Amino acid sequence: SKSLSDEENRKLFGKCNNPNGHGHNYKGKDSLLFSLQIDPISGMVINLTDLKEYMQEAIMEPLDHKNLDKDVPYFAEVVSTTENVAVFIWENLKKLLPVGTLYKVKVYETDQNIVVYKGEETISE
């Protein structure tokens, strides 16, 4: 965090505190959940072709194979924690999806470290 001293960063982030950054391969399996308002005409909550395009634009293009701290403008001033990655994904998807469709976003940093974000509500699992 740019707002903390080197010592405060070491104490707070431990082994994840590295001046040159450190990497994660975030997983997104079962990561997006939608409200179950089924369209009576299509029989779908959302068209999967559209969803794939939204995910490409909101998640893959800005984040895939990137150094979050250096390559993603959002993280220039926001610490790139898993919690903030979930917020980033939520905010980007919410701009593209039909209103009220997105229910929650799950981001897997590891099998044991999972963040669930539901708008203003964040839950660690």
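The values are calculated or read from the model by the stated rules, or taken from the named source; none is laboratory data. Keep in mind that this is a model prediction, so the values were computed, not measured. Cβ coordinates were reconstructed from backbone atoms using ideal geometry, including for glycine residues, and neighbour counts include every protein chain displayed. To get the accessible areas, we keep the full protein, side chains included, count just its heavy atoms, and leave off ligands, DNA and RNA. Shrake-Rupley method; radii C 1.70, N 1.55, O 1.52, S 1.80 Å.
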What does the C-alpha gyration tensor say about the overall shape of the stretch 66-125? Classify as rounded when a/c is under 1.5, otherwise prolate if a/b is larger than b/c, or oblate. oblate
Among PRO40, TYR74, ASN84, the residue whose Cα sits farthest towards the positive end of the charge dipole of the stretch 25-117, when +1 is placed on the Cβ of each Lys and Arg and -1 on the Cβ of each Asp and Glu, is PRO40
What's the carbon and sulfur percent of the stretch 25-117's accessible surface, probe 1.4 angstrom, rounded to a whole number? 53 percent
Qualifying chymotrypsin sites (Phe, Trp or Tyr not before Pro) in the stretch 38-125, DSSP loop, other Cβ atoms within 10 Å at most 14: none
Could you tell me which GluC sites (Glu not before Pro) in the stretch 84-121 are loop residues by DSSP with no more than 15 other beta carbons within 10 angstrom of their beta carbon? GLU120
In terms of solvent-accessible area of protein heavy atoms at a 1.4 angstrom probe, what is the ranking of SER5, SER80, highest value first? SER5, SER80
Using a 1.4 Å probe and counting only protein heavy atoms, arrange LYS104, LYS52 so the residue with the most accessible area comes first. LYS52, LYS104
Starting from 0.36 nm per residue, how many nanometres of slack lie between SER3 and ASP111 once their C-alpha separation is accounted for? 35.9 nm
For VAL79 and GLU53 in the same chain, what is the full-extension length gain: residue separation times 0.36 nm, less their Cα-Cα distance, in nm? 6.6 nm
Quick one: give the max-minus-min coordinate of the C-alpha atoms of the stretch 25-117 along each principal axis, largest first, in Å. 44, 27, 19
Residue-normalised accessible area of the stretch 25-117, given per residue in Å² at a 1.4 Å probe: 63 Å²
Of LEU93, LEU48, which has the most accessible area and how do the rest follow, probe 1.4 Å? LEU48, LEU93
Between MET44 and LYS94, 0.36 nm times their residue separation minus their Cα-Cα distance comes to what? 16.2 nm
